[in-house]
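Q: Handing you this structure, nothing more for now.
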């Protein structure tokens, strides 16, 4: 092992510690921090980000990487994969000139703040000029990354969130979904219209009881409270570091079902981080592979395992143990109707799993055009309405329920959206493989025990982290490249069979 | 303003942001972090400490300081005081060689861990060799600082916690207390023995109610919950940063009185930080002056204002509003008996304000001898017992209630203890001046309103931060140097007059 490689490991460990501090401070910002302290926190976070960036882009990094690569033969498989990931991370960080990084970060901050107000006021006109400025800068950052990696601008943007993710992989998958889903949706809606209606939940469901239920559930899922916490925040998220997992949810006293499902989703993210190999946590090769696989793990929990009839049956019992009131509303049949309800809506984050990919296809289409400059920002609301009509058959009356609903674009995240749907496809394919490989998984889930599933995921997905590419990990675990077949079969089995 | 000075301001602002991150992560460690995450947190904290130290000891810092000092004439009063404080902080950081800093930090960690176990086991023998090793390293660090500042080794150690603090100032004050207190204590005990006994509190006092009471009280004291929080931890402390104050207490369901007083004490610390001038928060000149003044502010709240008969009367009403049960136990007379109870005991942190300085005098005496090498570590338990007998007339049966009770020495903090008692003297002197200068302070406190007191403190103490020395601040605020007169008068008035 060369001195250069050792020096690189030390620097990446240092960046990892700084990144961990940023993650905990970010969690605190969303859960604990009093509102009036936002300014000082922003200074702390930006200082740590700059320090991390300076370590990454130190003048001698290029030489260290070259020297380590010249002696790659001395490295074992993990180390050489680590070196490849170091090069990848460094290329992203060093591709974009410092002044552009700063301009982008400041404009994104301003744009995100403006978006919060504009969305509240349903006033796209005031957001538009800032968003246009931001897109120009994102495009320039994409150009710089595109030159460094020798891929297209949009691919270079995707690559930040999902290393190795490419439009050429996404297009055929999304094209199949585009063909498949509208017809499938129509059938599901027809079938659900003919079924008995949901028994409406009658709360209140006290927050303390919901919290207790959530913690029981997390214990079923294998969450380790000795290395993690559950708290509440405005939007649920999974944060912290692998050894100190901080997940959040939000509780609605009138309806426990969304808060509970958010807990399951975020626990899925957390379990991925928690079962990464301990020896490599501080190095790039030991990090979770990217947003597609990350989302596949949360959706595997939320959509595949926890919404299975087997688990809903168990959940109905668990819910009944935690709340008083009319038990009929929590029985398995009704709970399944609630959790399997399909209904085209305007808002992505509220969408069911059948319509969700259509929301993503719309964003994928529009963001490529925005980055390419073939769609003007001023025309975005109209293009959005047109797309919603085409894909989902509904049109938002307000831009706040349309093209202003998501934080991603106003915060500068272009190329992120596809990973949600790629993750859903991967979740179905991985879960199908897991159930096929290990027949104890479903009987255990039926008893509220996720241990066999977790073992399978640890062995087949989590143990590789960034040692292989996303495509390799999926193919090794499921025996085939990512496709739509498992997802389609899953939807047909859940929503169209008896 | 020279370029060098500007560059220094930027670097100190960066250190301040890193220090703020460390403070929040430290708070999280004590309040929120799950136990199993200690290791990764230690890595995050030590990485940030090393980064801060590297910024401070960067190779060009000496030149920057010299260049700025050469042009000090261009600076205004705040800036030149800031430059002086920069030089002071840099001298401390650069005086001690890097390998000694590291050795000291590692040995202190190991010693502190050993202390936790040794205290639990009442086993001084296993702690002794580690403590001896640590003291050697502390002495070497003191020697290095002593050379850099041209003061004695012990003065150089004090100076880390209380800049400008010197044995020559402390000795005469402590000598007076040593003469005064035992006799005064005997009189107080005799008097209290003749008074009616305390009505014993009969709980339980539910934590939720205690917490509500604590928050009401903090509001009276002027705590801004939009820039701060109250939580619980094993030991109460005041942490975070001036713009994001994180204080803690602990609740005992059988007795609300200590937890409540801890809240008042920590709020005193917090108010000092919170009312530092906003423009200078990121610079050394804008930081709180040192531990003597800091402790004076917490003790001014806890011992002077909140234990005044005027406030206890208000507090009795507030307590009665929060708890059911026999109201006689919360009436002002009984509450005052509880909060004015004097009783020599073995444990410093449980001591009343009459006996507390005797605990400090013992530690002050012993730690100087330990650093000078005239007291061997192996003889510490016997010396402790001898001193306790001489000063307080009681002898601990176990070293865990004796020389192993405090975390300070096993964590490497020598020269810290005196500030507790200097703070108590300063609190009495400052509160006497405040009440004399502004006659609206006590009538307001009698109604639970600390605003006039806070205004006076802001103007006379908090607005100067590190612009003046501790001695100058006390003299400017009270018209005379720090002495024991106000403290003695305070004790006589509270405990020996009718």
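Any read-out appearing in this document is the output of simple, stated calculations on the displayed coordinates, not a laboratory observation. Just so you know, these numbers come straight off a predicted model, no measurement behind them. All Cβ positions, glycine included, derive from the backbone under ideal geometry; neighbour counts span all protein chains shown.
Q: If I histogram all Cα-Cα distances within region A:122-498 using bins 10 Å wide from 0, what percent of pairs lands in each bin?
A: 5, 23, 32, 28, 11, 1, 0
Q: Further, regarding this structure: For B:240-248, what's the mean count of beta carbons from other chains sitting within 10 Å of each residue's beta carbon?
A: 4
Q: In deg cm²/dmol and to the nearest 500, what is the mean residue ellipticity at 222 nm of the protein assembly as shown if only DSSP H runs of at least 4 residues count, each as -39500 (n - 2.57), divided by the residue total?
A: After summing the helix terms and dividing by residue count, I get -20500 deg cm²/dmol.
Q: Then there is this: Taking the Cα atoms of the protein assembly as shown, report the difference between the largest and smallest coordinate on each principal axis, in whole Å and largest first.
A: Computed over the Cα atoms, the extents are 94, 69, 58 Å.
Q: Taking other Cβ within 10 Å of each residue's Cβ, how do A:406, B:162, A:121 sort, fewest first?
A: The most exposed by this proxy come first: A:121, A:406, B:162.
Q: Then there's this: Gap in Å between the Cα centre of region A:17-72 and the Cα centre of region B:108-179?
A: Cα centroid to Cα centroid, the span is 35 Å.
Q: Using Cβ contacts closer than 10 Å as the measure, can you line up B:27, B:78, B:456 from fewest to most?
A: B:78, B:456, B:27
Q: Sort A:215, A:84, B:227 so that the residue with the fewest other Cβ atoms within 10 Å of its own Cβ comes first and the one with the most comes last.
A: Ordered from fewest to most neighbouring Cβ atoms within 10 Å, A:215, A:84, B:227 come out as A:215, A:84, B:227.
Q: Indicate the gyration tensor shape class of region A:257-335 (rounded, prolate or oblate), computed on the Cα atoms with a ≥ b ≥ c the square roots of the eigenvalues: a/c under 1.5 is rounded; otherwise a/b larger than b/c is prolate and the rest oblate.
A: Prolate is the answer for region A:257-335, as a/c is 1.5 or above and a/b outweighs b/c.
Q: Taking every eigenvalue of the Cα gyration tensor of region A:3-95, multiplying by 5 and rooting it, what semi-axes result, largest first, whole Å?
A: Over the Cα atoms of region A:3-95, the semi-axes work out to 33, 13, 9 Å.
Q: Something else: Label point 7 Å out from residue B:493 along Cα-to-Cβ: which residues of region B:439-479 have amide N under 16 Å?
A: B:439-446, B:453, B:478-479
Q: Further question on the same structure: Along Cα→Cβ, 7 Å out, is where each label goes; now give me the distance between the ones at residue A:78 and residue A:254 in nm to one decimal.
A: 5.2
Q: If you don't mind, another one. Is there a simple number for the mean count of other chain Cβ atoms within 10 Å of the Cβ of residues in A:294-302, and what is it?
A: Taking all residues of A:294-302 together, the mean is 0.
Q: What are the label-to-label distances in nm, one decimal and shortest first, from residue B:328 to the same spot in the other copies, with labels 7 Å along Cα to Cβ?
A: 5.7
Q: Fully extended, how many nm does the chain gain between residue B:103 and residue B:7 (0.36 nm per residue separation, minus their Cα-Cα distance)?
A: Taking residue B:103 through residue B:7 to full extension adds about 31.5 nm, to one decimal.
Q: Here's something else I'd like to know. Sort out for me the Cα centre separation of region A:422-484 from region A:322-374, rounded to whole Å.
A: 23
Q: How far is it, in nm, from the label point at residue B:469 to the one at residue A:225 when both lie 7 Å from their Cα along the line to the Cβ?
A: Once both label points are built, they end up 5.5 nm from each other.
Q: Mind checking the mean number of beta-carbon atoms from other chains within 10 Å of the Cβ atoms in B:30-40?
A: For this peptide, the per-residue mean of nearby foreign Cβ atoms is 6.
Q: Distance in nm between label sites at residue B:116 and residue A:50, each 7 Å beyond Cα in the beta-carbon direction?
A: Label-label distance for residue B:116 and residue A:50, simple model: 3.6 nm.
Q: Could I ask something else about it? Considering only DSSP beta bridges with both partners in chain A, what is the antiparallel share in %, to the nearest 5?
A: Of those bridges, close to 50 percent are antiparallel.
Q: To continue, here is another question. Work out the FRET efficiency for residue B:179 and residue B:57 from their Cβ-Cβ distance, taking R0 = 51 Å, and round it to the nearest 0.05.
A: The pair residue B:179/residue B:57 has a calculated efficiency of 0.70.
Q: A further question on this structure: Would you work out if region A:183-323 is rounded, prolate or oblate? Take a ≥ b ≥ c from the square roots of the eigenvalues of the alpha-carbon gyration tensor; rounded if a/c is under 1.5, else prolate when a/b is larger than b/c, oblate otherwise.
A: In terms of gyration-tensor shape, oblate.
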